[in-house]
Amino acid sequence: MLERAGGVPLRDQVMAAAGVFAPPSDEGMMPEGPAARMHQALRAIKPEMAPSLAWAAGERTARYIMARRIPKPAQLLLRVLPAALNGPILSKAIAQHAWTFAGSGESAITGPLVFEIRDNPIVRGEVSKTPLCHWHAAVFETLFAAWWTNVCAVSRKAVVRRVHLRAGLF
């Protein structure tokens with residue numbers, strides 16, 4: 001991602017600032033500490049690029065989860081059920097695997113399809129007047145858009161929005 005956006009020099013600069021000494025692998029999920037430091041370093045070094053690169057990383061993470069973490073029978077079930085059923089099923093699965101999304105933060109479902117992440121490690125300690133959780137928004141939007149059908153008037157154009165601007169809360 002970083003290499004495509006700004007070449008090897010940008011990748012190496014962000015990695016060095018984050019204390020990460022090997023590029024992330026496409027074959028697995030990156031541990032929370034290095035991932036959070038990479039996001040924070042990118043926002044500090046290239047704030048204008050950070051939202052779109054975090055979004056792209058979130059989409060890639062969702063595709064990884066769909067390909068390798070959600071069993072094929074469950075994916076088939078999500079495709080054939082109406083949105084009124086598959087939305088809550090996917091929400092429950094997200095809650096059961098909250099560590100994937102919140103790491104050491106606290107995750108809760110606080111309403112129908114409303115997710116809350118407190119003490120979010122990706123933005124921990126940062127304060128901003130604009131949302132910083134582009135990665136999370138992209139992961140959730142990509143996951144939900146993959147299985148929502150036109151049944152029950154729900155479209156594939158699932159949209160995630162951040163409703164609180166307090167640091168560490170998505």
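The values are calculated or read from the model by the stated rules, or taken from the named source; none is laboratory data. For clarity, every value in this text was computed on a predicted model and none was experimentally measured. Note: ideal-geometry Cβ built from the backbone for every residue, glycine included; neighbour counts use all protein chains shown. Please note that ligands, DNA and RNA were not included when accessible areas were found on the heavy atoms of the full protein model with its side chains. Shrake-Rupley method; radii C 1.70, N 1.55, O 1.52, S 1.80 Å.
Among residues belonging to the stretch 1-38 that are part of a loop (DSSP other than H, G, I, E, B) and of a type outside the set (A, V, I, L, M, F, W, C), point out the one that is nearest to N120 (Cα to Cα). Show your work before the answer.
Applying the first criterion (part of a loop (DSSP other than H, G, I, E, B)) to the stretch 1-38 yields 1, 19-31.
Remaining after also requiring of a type outside the set (A, V, I, L, M, F, W, C): 19, 23-28, 31.
Numbers: G19: 20, P23: 23, P24: 20, S25: 23, D26: 23, E27: 24, G28: 21, P31: 14 Å.
Out of the qualifying residues, it is P31.
Going by the conditions given, is G58 under 21 Å from S91 (Cα atoms) and modelled with pLDDT under 95? Even if it seems obvious, please write down each step before you answer.
On the way: under 21 Å from S91 (Cα atoms): yes; modelled with pLDDT under 95: yes.
So G58 passes the test.
Out of A74, A41, I need the residue that is more than 18 Å from the chain's Cα centre (by Cα) and not in a loop (DSSP other than H, G, I, E, B). Which one?
Values: A41 fails: more than 18 Å from the chain's Cα centre (by Cα).
Residue meeting the stated conditions: A74.
Which members of the stretch 68-77 meet the condition of being closer than 23 Å to M29 by Cα and either open to solvent by less than 90 Å² (accessible area, probe 1.4 Å) or in contact with a helix residue (DSSP H, G or I) (Cβ under 6 Å, 6 or more places away or on another chain) (or both)?
I70, P71, A74, Q75
Any idea which residue in the stretch 84-106 is least open to solvent (accessible area, probe 1.4 Å), counting only those that are free of Cβ contacts under 8 Å to residues at least 60 places away in the same chain and outside any helix (DSSP H, G or I)? Steps first, answer last, please.
Taking the stretch 84-106 first, the residues free of Cβ contacts under 8 Å to residues at least 60 places away in the same chain are 85, 88-99, 101-102, 106.
Filter once more, keeping what is outside any helix (DSSP H, G or I): 97, 106.
Values: H97: 91, E106: 118 Å².
Among residues in the stretch 84-106 that are free of Cβ contacts under 8 Å to residues at least 60 places away in the same chain and outside any helix (DSSP H, G or I), the one least open to solvent (accessible area, probe 1.4 Å) is H97.
For S52, indicate whether it is hydroxyl-bearing (S, T, Y), modelled with pLDDT of 85 or more and either touching a Leu at 6+ places or on another chain (Cβ under 9 Å) or open to solvent by 60 Å² or more (accessible area, probe 1.4 Å) (or both). Break it down stepwise before answering.
Details: hydroxyl-bearing (S, T, Y): yes; modelled with pLDDT of 85 or more: yes; either touching a Leu at 6+ places or on another chain (Cβ under 9 Å) or open to solvent by 60 Å² or more (accessible area, probe 1.4 Å) (or both): yes.
Here the answer is yes, as S52 does meet what is asked.
Residues checked against (1) among the hydrophobic types (A, V, I, L, M, F, W, C); (2) modelled with pLDDT of 55 or more:
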residue	(1), (2)
V123	yes, yes
K129	no, yes
H136	no, yes
A145	yes, yes
C152	yes, no
A158	yes, yes
H164	no, no
L169	yes, no
